[in-house]
Amino acid sequence: HAAEAQRTDLMTITRHVLNEQSRYPESRGDFTILLSHIVLGCKFVASAVSKAGLAKLIGLAGETNVQGEEQKKLDVLSNEVFVKALVSSGRTCVLVSEENEEAIFVDPALRGKYCVCFDPLDGSSNIDCGVSIGTIFGIYMIKDKDNVTLDDVLQPGTNMLAAGYCMYGSSCTLVLSTGNGVNGFTLDPSLGEFILTHPNIKIPKKGKIYSVNEGNAKNWDAPTAKYVEKCKFPQDGSSPKSLRYIGSMVADVHRTLLYGGIFLYPADQKSPNGKLRVLYEVFPMSFLVEQAGGQAFTGKQRALELAPTKLHERSPVFLGSHDDVEEIKALYASESSTV
Ligand code: P6P
């Protein structure tokens, strides 16, 4: 009977968030409404990505389909869907998207109290070869929605209320934290619902995998080079770590969360601040990793304590298992103490 009860007691993402919201008696369900609109966007993108190969959605912008309509690239389409879903939720007042140079200030008549920073389709350069890609988002509360400015958006990641990603791969998995641990939900296409499949994700304290683009090795600074060398040629008699690098942040971080290890996108001489963007890649993923018991570091400080000054600012990031990140922190600390 217990097995039967399990199968019929479907914990959907909406139910799960409502349960979490009940911890805040004063909440009027605004967050739940906001999240339901984000979930709608993820369902749409999941459907579009699964058909992309067939509908030639992955072609370059400007291609026309059989109806002669101009095809939008999937990341442009995904961005439009998320912007419309977030604005129509009536719960947002400012949006930051990887696809939009400027912040989007919602019409005052439709404003709510949240700011959402998102990358609608991160890693979209990988879609043509079927590699998993994803949507990444971070959610903040805005002090005064009627007088919202960029300063409200350029705040440290420690102020984030919630963060998540939706990975479009062999299955569609949405991983979310509202500040009380991390939970994973898998889309059941027959129900059109995200079902709780990975409750209370905890990242292993130490991992056996390192994840970095070795092609940038000649440009790395000394601490990163030393750390990667230690992964490959450990001096303490332990086994070398395995290298796993997919090149799609959502997929690399998802594997790191579930299997443990460390994901690195270091600064290098070509890109002194690394490649990944603070507001909608580094902050949301750092929030999730910390909520799962791991760490996220920039080479100088705890990633979430960064104070961004520009919307699309980049930062180096080292995130993953607590002990693995601790090792690279020690290497950066010893380098800065000898400088
Ligand atoms: P590289 C994808 O383009 C992306 O923004 C992230 O998803 C991914 O982690 C990174 O860039 C990969 O960058 O330089 O290793 O190809």
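The values are calculated or read from the model by the stated rules, or taken from the named source; none is laboratory data. Here the structure is a predicted model, which means the values were calculated and not measured. Every residue, glycine as well, gets a Cβ built from its backbone with ideal geometry; the counts of neighbours run over all protein chains shown. When the accessible area is computed, the model is the full protein with side chains, heavy atoms only, and any ligands, DNA or RNA have been set aside. Shrake-Rupley method; radii C 1.70, N 1.55, O 1.52, S 1.80 Å.
I need every pair where a residue in the stretch 242-259 that is among the aromatic types (F, W, Y) has its Cβ under 9 Å from the Cβ of a residue that is within 12 Å of the ligand (Cβ to nearest atom), sequence separation at least 6 or different chains.
These pairs meet every condition: Y245/S211; Y245/V212; Y245/N213; Y245/E214; Y245/D252; Y245/F263.
Please go through the stretch 315-339 and give me each residue that is surrounded by 13 or more Cβ atoms within 10 Å (Cβ to Cβ) and among the hydrophobic types (A, V, I, L, M, F, W, C), ordered by number.
V317, F318, L319, V325, I328, L331
List pairs: first in the stretch 12-38 and under 15 Å from G179 (Cβ atoms) and loosely packed, with under 13 Cβ neighbours inside 10 Å, second at pLDDT 85 or above and polar (S, T, N, Q), Cβ under 9 Å, 6+ apart or cross-chain?
R23/N180
Residue by residue through the stretch 87-116, note down the ones that are hydrophobic (A, V, I, L, M, F, W, C) and more than 17 Å from the chain's Cα centre (by Cα). Give the derivation first.
Step one: filter the stretch 87-116 for residues hydrophobic (A, V, I, L, M, F, W, C), giving 87, 93-96, 103-106, 109-110, 115-116.
Correct list: V87, C93, V94, A103, I104, F105, V106, A109, L110.
Can H312 be described as within 16 Å of the ligand (Cβ to nearest atom), surrounded by fewer than 24 Cβ atoms within 10 Å (Cβ to Cβ) and in contact (Cβ under 8 Å) with a residue 60 or more places away in the chain? Can you show your working first?
Numbers: within 16 Å of the ligand (Cβ to nearest atom): yes; surrounded by fewer than 24 Cβ atoms within 10 Å (Cβ to Cβ): yes; in contact (Cβ under 8 Å) with a residue 60 or more places away in the chain: yes.
In short, yes.
I need the full set of residues from the stretch 225-244 which are open to solvent by 80 Å² or more (accessible area, probe 1.4 Å) and either within 16 Å of the ligand (Cβ to nearest atom) or under 13 Å from the mean Cα position of the chain (by Cα) (or both), in order please.
Matches in the stretch 225-244: R244 only.
Before we move on, is G261 more than 12 Å from the ligand (Cβ to nearest atom), buried (at least 20 other Cβ atoms within 10 Å of the Cβ) and more than 18 Å from F137 (Cβ to Cβ)? Break it down into steps so the answer makes sense when it comes.
On the way: more than 12 Å from the ligand (Cβ to nearest atom): yes; buried (at least 20 other Cβ atoms within 10 Å of the Cβ): yes; more than 18 Å from F137 (Cβ to Cβ): yes.
Judged against the criteria, G261 is a match.
For the stretch 107-118, enumerate the residues that are in contact (Cβ under 8 Å) with a residue 40 or more places away in the chain, more than 16 Å from the ligand (Cβ to nearest atom) and either of a type in the set (F, W, Y) or exposed (fewer than 13 other Cβ atoms within 10 Å of the Cβ) (or both). If you could, list the steps in order and put the result at the bottom.
Of all residues in the stretch 107-118, those in contact (Cβ under 8 Å) with a residue 40 or more places away in the chain come to 112-114, 116-118.
Still in the list and also more than 16 Å from the ligand (Cβ to nearest atom): 112-114, 116.
Matches in the stretch 107-118: Y114 only.
Tell me, yes or no, whether the stretch 203-216 has at least one residue that is modelled with pLDDT under 95, open to solvent by 30 Å² or more (accessible area, probe 1.4 Å) and touching a strand residue (DSSP E or B) at 6+ places or on another chain (Cβ under 7 Å).
no
Which one of these is outside any loop (DSSP other than H, G, I, E, B), touching a strand residue (DSSP E or B) at 6+ places or on another chain (Cβ under 9 Å) and open to solvent by 20 Å² or more (accessible area, probe 1.4 Å): L121, L77? Full working, then the answer.
On the way: L121 fails: open to solvent by 20 Å² or more (accessible area, probe 1.4 Å).
Answer to the selection: L77.
Considering only the stretch 127-176, state which residues are aliphatic (A, V, I, L, M) and under 24 Å from L110 (Cα atoms).
Step one: of the stretch 127-176, the residues aliphatic (A, V, I, L, M) are 127, 131, 133, 136, 139, 141-142, 148, 150, 153-154, 160-163, 167, 174-176.
Of everything in the stretch 127-176, those that are aliphatic (A, V, I, L, M) and under 24 Å from L110 (Cα atoms) turn out to be I136, I139, M141, I142, V148, L150, V153, L154, M160, L161, A162, A163.
In the stretch 124-142, how many are open to solvent by 10 Å² or more (accessible area, probe 1.4 Å), under 20 Å from the mean Cα position of the chain (by Cα) and over 19 Å from L304 (Cα atoms)?
Summing the residues that are open to solvent by 10 Å² or more (accessible area, probe 1.4 Å), under 20 Å from the mean Cα position of the chain (by Cα) and over 19 Å from L304 (Cα atoms) in the stretch 124-142 gives 7.
For V66, state whether it is at pLDDT 80 or above and either surrounded by 13 or more Cβ atoms within 10 Å (Cβ to Cβ) or of a type in the set (A, V, I, L, M, F, W, C) (or both). Please lay out each step first, then the result.
Working: at pLDDT 80 or above: no; either surrounded by 13 or more Cβ atoms within 10 Å (Cβ to Cβ) or of a type in the set (A, V, I, L, M, F, W, C) (or both): yes.
Spelling it out, it is not the case that V66 is at pLDDT 80 or above and either surrounded by 13 or more Cβ atoms within 10 Å (Cβ to Cβ) or of a type in the set (A, V, I, L, M, F, W, C) (or both).
Condition first: open to solvent by 30 Å² or more (accessible area, probe 1.4 Å) and either within 14 Å of the ligand (Cβ to nearest atom) or modelled with pLDDT under 95 (or both). Now tell me which residues in the stretch 266-296 satisfy that.
Q269, K270, S271, P272, N273, K275, R277
Those residues that are within 16 Å of the ligand (Cβ to nearest atom) and under 16 Å from the mean Cα position of the chain (by Cα), I need them from the stretch 174-210; list them, please.
V175
Take G164 and tell me if it is within 27 Å of K300 (Cβ to Cβ) and either more than 16 Å from the ligand (Cβ to nearest atom) or open to solvent by 10 Å² or more (accessible area, probe 1.4 Å) (or both).
On the way: within 27 Å of K300 (Cβ to Cβ): yes; either more than 16 Å from the ligand (Cβ to nearest atom) or open to solvent by 10 Å² or more (accessible area, probe 1.4 Å) (or both): no.
Answer is no for this residue.
Got a sec? Which of E326, E290 is in contact (Cβ under 8 Å) with a residue 24 or more places away in the chain, among the acidic types (D, E) and assigned to a helix (DSSP H, G or I)?
Working: E290 fails: in contact (Cβ under 8 Å) with a residue 24 or more places away in the chain.
Testing whether each residue is in contact (Cβ under 8 Å) with a residue 24 or more places away in the chain, among the acidic types (D, E) and assigned to a helix (DSSP H, G or I) leaves just E326.
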